[in-house]
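The structure appears below as structure tokens.
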Ligand SMILES: Nc1ncnc2c1ncn2[C@@H]1O[C@H](COP(=O)(O)OP(=O)(O)OP(=O)(O)O)[C@@H](O)[C@H]1O
Ligand SMILES: [Mg+2]
């Protein structure tokens, strides 16, 4: 099965996220409202309780006064007061704010064993709770017994039901009777509010979910369109178009990615251009000896049979040109090899010993040039790197000094320590390099005019190879020269263990 696309994943995620977020916000809002309604019902219940006990107390006093005014005394007065009170009770609870509740009046029997329901405002007020009545009288204070365990989600999906609020209130009645008035409040008003909030809450919730999903999709669409631009550009690069540029506008991660990719494309383009230039230069360099050989072959064909001197000269020239080609091929190979980074070692070696070896090699090769070779004669100077590669670079420099110095001149290799670096100087008393050429001599196939005219037969590959080796070893190379008096190449190398070689 094909894995889900990012767009589909984000859509699912957005839906889950929206449901969770909107769901929890709705739920929290609902609990908040439901809790408010419950406490409002609670407040109403206690208000009714206060009103009821005040009304009964007032009516009791009135009844007692009226009984007294009728000229009754003792037991008779108390009984009359009780009777008068019982008569006024129904009126007490049918006026004003008290109407909100339902009430029932219980009177305890003389033997204190049973409660008698003497009056109730309506059926809602009759709750069967004999134990509660007994406890109320023994505690002598109001006792709330309802509602029991309110359903937490009431009104969320079904009609709201906040329960029945019940308070038993103890009463002192005339004639030494004890009674309890039950105050019952049915919170229909609060339940109505909860019920009326249900539909709007549902509609707002669904809308909020849809908006959240839509917004996420819009944002995702924008991000994916940016990614699509990057992909299109990558496809073009794949098709060989290295001049594409990705749009870098904006301050976001995709723009950063585009910048990195643009840098990568630039690097690829520069490398491709360098390669093209290199191949063009190399074939141009090869074309010269090939043209020479073909010319001499034609000479041989035309005059070779008759003119032995001409034949010898042509054969010698063909020999020279083919050697030159062979050398160029070997230089090209060594150049390509030097660009590989894998075979750079990192070992401890003595640069003075390496320098002496390089000089000794050059001295045997240029034995007929009558040059003076001066090398470092002090003890070991240790540093880290690849001794073979560094010797190769030094050999290139010493080779140039030998080639571009007149007979009797001097070629010197000196080393010294400078802080945590080693400085190596290859100097000569040769022909020097013209100032205009100094910036170009490290480029491939570059040769100054003076050396072109010379019979030294180089290709302009030595210095680029040397520079690559020094760069890859974490070092630096620079040159000072004066036409007619000599040239000094200076190399600075770190003495410490080198980091990963650079590309
Ligand atoms: N010590 C030097 N004295 C005078 N000119 C130099 C010296 N070293 C380098 N050059 C100049 O720099 C050019 C480039 O040197 P490089 O070593 O790259 O090539 P090359 O010596 O001409 O050929 P190759 O080294 O490939 O055989 C030389 O052609 C020469 O003009
Ligand atoms: Mg050279």
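Here are some notes:
- Annotation for the range 425-444: no member residue is outside any helix (DSSP H, G or I), more than 15 Å from ligand 1 (Cβ to nearest atom) and more than 24 Å from residue 324 (Cβ to Cβ).
- Against the criterion of being part of a helix (DSSP H, G or I), in contact with a helix residue (DSSP H, G or I) (Cβ under 7 Å, 6 or more places away or on another chain) and in the same structural domain as residue 19 (by TED's automatic domain parsing), residue 160 does not qualify.
- Number of the exception - residue 406 against (1) more than 16 Å from ligand 2 (Cβ to nearest atom); (2) without any contact (Cβ under 8 Å) to a residue 24 or more places away in the chain: (2)
Residue by residue, here is whether (1) within 12 Å of ligand 2 (Cβ to nearest atom); (2) at pLDDT 95 or above; (3) in the same structural domain as residue 383 (by TED's automatic domain parsing) holds:
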| site | (1), (2), (3) |
| --- | --- |
| 420 | no, no, yes |
| 438 | no, no, yes |
| 443 | no, no, yes |
| 460 | yes, no, yes |
| 463 | yes, no, yes |
| 468 | no, no, yes |
| 472 | no, no, yes |
| 477 | no, yes, yes |
| 486 | no, yes, yes |
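- With respect to the conditions (1) in contact with a helix residue (DSSP H, G or I) (Cβ under 6 Å, 6 or more places away or on another chain); (2) surrounded by fewer than 16 Cβ atoms within 10 Å (Cβ to Cβ); (3) not in a helix (DSSP H, G or I), residue 103 falls short on a single one, namely (2).
- Hey, residue 47 surrounded by 13 or more Cβ atoms within 10 Å (Cβ to Cβ), without any contact (Cβ under 8 Å) to a residue 60 or more places away in the chain, within 60 Å of the chain's Cα centre (by Cα) and part of a helix (DSSP H, G or I) or not: yes
- Options 110, 59: the member that is more than 15 Å from residue 167 (Cα to Cα) and assigned to a helix (DSSP H, G or I): 59
- Selection within the range 121-146 - in contact (Cβ under 8 Å) with a residue 40 or more places away in the chain and not in a loop (DSSP other than H, G, I, E, B): 124, 125, 133, 136, 137, 144
- Which numbered condition residue 368 misses (of (1) within 30 Å of residue 279 (Cβ to Cβ); (2) modelled with pLDDT under 90): (1)
- Which numbered condition residue 166 misses (of (1) surrounded by 12 or more Cβ atoms within 10 Å (Cβ to Cβ); (2) over 60 Å from the mean Cα position of the chain (by Cα)): (2)
The values are calculated or read from the model by the stated rules, or taken from the named source; none is laboratory data. Owing to the predicted nature of the structure, the values given are computational and were not obtained by experimental measurement. A quick note on method: Cβ atoms are made from the backbone with ideal geometry, for glycine too, and the neighbour counts reach across all protein chains shown.
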